[in-house]
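All remarks here apply to the structure that follows.
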Amino acid sequence: MDERTRPETAQTLDRGLTVLQLVSASPSGLTISALAEALGVSRAVVYRLVATLQARDFVTRGVDARVRLGLGVTRLQLAVRPVLAAAAGPVLRALADRIGATAHLSIAEGEQALALVVVEPTWTDLHVSYRVGSRHPLTRGAAGRAILEAGQGAPGPVLTSGELQQGAHGLAAPVPGVPGLEASVGVVATSPLDAPGVGEAVMAAAAEVAANLTSARRPG
């Protein structure tokens, strides 16, 4: 539908969501002028959008007048996490026991990767302990780099060694095709993970998590 013929309420909602997307992609915040230019609307329109979002705590305006994400977005993220955990838990259990390595689902939060779900293998005598809630820069470790590289058009598995912990080896692949979700499924072990089939297993698990999430979003 052409933007000129869309209902005004839908257009306003679309613009408000676009403001959130633009601000989320800019950790240092954006000015009203920059938002107006990106949206192709007047500053007065952006002021109204920002005021509405600010009233709901989805954005804030600091002393520098730049617009940044507010705590309301964090509360929404917290509400979504149980859905992600339910979709990923059984898949990670099967992956951890198949490979004999600790499996995890990590999501992007700003410029960091956050370990949201972690499952340890049941049959190994020795495995890497990976804490739920662990954070690290997206630029370090297989989980974060898989998310970054997927955003750059390279959605394959990423293999790392010793980037986060000496003697630990990681392999991760992005969760594909879920709009609005930047996440990866990975495994971490005390020995190299370059054996045949490991990368394929991790990619298959990431695809299965995506399928579970897509199914959960369908009505009925």
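The values are calculated or read from the model by the stated rules, or taken from the named source; none is laboratory data. Only a predicted model underlies this, so the values are computations on that prediction, with no experimental measurement involved. We place every Cβ from the backbone using ideal geometry, glycine too, and count neighbours over all the protein chains shown. For accessibility, only protein heavy atoms count, side chains too; no ligands or nucleic acids. Shrake-Rupley method; radii C 1.70, N 1.55, O 1.52, S 1.80 Å.
Axis of helix 142-151 versus longest Cα principal axis of the chain: the two differ by about 40°, to the nearest ten degrees. Calculated from the structure at hand, Rg/Rh (Cα atoms, Kirkwood Rh) is found among (i) 0.94; (ii) 0.97; (iii) 1.05 as (iii).
When the chain is treated as a Gaussian network with alpha carbon springs shorter than 10 Å, the biggest mean-square fluctuation among ALA113, ALA183, ALA207 belongs to ALA207.
Keeping all protein chains in place, calculate the accessible area per residue for the chain (probe 1.4 angstrom), answer in Å².
Values: 11970 Å² over 220 residues.
Computed with neighbouring chains in place, this is 54 Å² per residue.
Between THR122 and LEU71, the FRET efficiency estimated from the beta carbon spacing at R0 = 35 angstrom works out to 0.35. Only the Cβ atoms of Lys and Arg (+1) and of Asp and Glu (-1) were treated as charged; on that basis the dipole of the chain about its Cα centre amounts to roughly 760 debye. Computed extension length for SER24-GLN54: 9.4 nm, one decimal, from 0.36 nm per residue of separation with the Cα-Cα distance subtracted. Helix 71-99 and the longest principal axis of the C-alpha atoms of the chain enclose an angle of approximately 20°. To the nearest ten degrees, helix 198-217 and the longest principal axis of the Cα atoms of the chain are 40 degrees apart. Note on ASP14 and ALA154: the extension gain reaches 47.5 nm, defined as 0.36 nm multiplied by sequence separation minus the Cα-Cα distance. Given their separation in residues at 0.36 nm each and the Cα-Cα distance between them, GLN112 and ALA195 gain 27.1 nm when the chain is fully extended.
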